[in-house]
Every structure is written in C-alpha cells, then in structure tokens.
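One structure is given below, encoded as structure tokens.
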Amino acid sequence: LVPFVSMLFLTLLLLFLALFPGAFNCCMKISDEIPKGILRRVERFEIQKADGLCHLEAVILYIEGRKFCVSPRIRKVKKWMKKNKHKVPRKKPHGRKQRRTKVIKKKEKKQ
C-alpha cells in the first residue's frame with residue numbers, strides 16, 4: 001500500500017509540473033527599495049501579473065543569472081522600465097512563419 005501511495009503522489013506531482021510549469025517560478029516576496037547600482041546592471045526584466053498561478057504583482061530583474069523581485073510601484077523602477085523597454089524579452093510567435101512565394105513573371109515572346 002505504501003509504494004502505491006508514494007507512486008501516486010509522484011505521478012500527481014509530475015502531472016502538476018507538466019500542466020503548470022511556471023508554478024514554482026513566481027516571486028513570493030518583493031522588495032520595496034532598490035539601489036540605482038542594481039538597476040544599471042539589469043540584463044533583462046519581466047513583469048509578473050497577479051493572476052493565474054502567481055498571486056503577487058512584481059517586476060523580475062535579471063542580473064548575472066540571478067533574479068530579483070521588486071515592487072512595480074517603486075517610482076525609480078517605473079521610470080527605469082520606461083527607459084529600458086528594449087530589455088523586455090520578446091514573445092516568440094507560435095508556429096512557423098509562412099514563407100512568401102516569389103512571383104515570377106514569364107517573359108512574353110515577341111512575334
């Protein structure tokens with residue numbers, strides 16, 4: 001009975017992780033202050049909405065492979081985000097792009 005229960009638990013855990021991959025990637029705490037020096041070193045940032053699996057609104061700053069969660073209400077952060085919109089990761093389009101077909105006009109024969 002014990003191996004069955006542990007196997008069932010493991011199966012349910014793997015199913016949960018497959019269905020909700022971002023569940024363990026949410027910011028659980030946010031900072032209300034941030035030094036300017038950190039903002040200068042940010043490589044990219046993401047905005048975490050307070051919907052779905054993440055229940056906290058936050059700005060995730062990525063610096064040298066680490067992530068920092070800060071409040072989106074910090075005036076300094078708002079101003080910095082406006083100035084650095086290019087650091088937001090672009091969403092990749094779904095599916096393949098369809099190639100344009102080149103239209104080749106046939107030369108008319110002169111008579």
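Taken together, the values in this text are just the output of simple stated rules run on the coordinates, not laboratory data. Keep in mind it's a predicted model, so treat the numbers as computed, not measured.
Below are the figures for this structure:
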| item | result |
| --- | --- |
| Entries in K29/K76; K29/K87; K36/K85 that, when Cα-Cα distance is taken, lie over 21 Å | K29/K87 |
| Potential extension, R40-V88 segment - 0.36 nm per residue separation minus Cα distance | 15.8 nm |
| Stretchable slack from N25 to L53, in nm (0.36 nm times residue separation minus alpha-carbon distance) | 9.1 nm |
| Antiparallel content of DSSP bridges confined to the range 29-90, in %, to 5 | 90 |
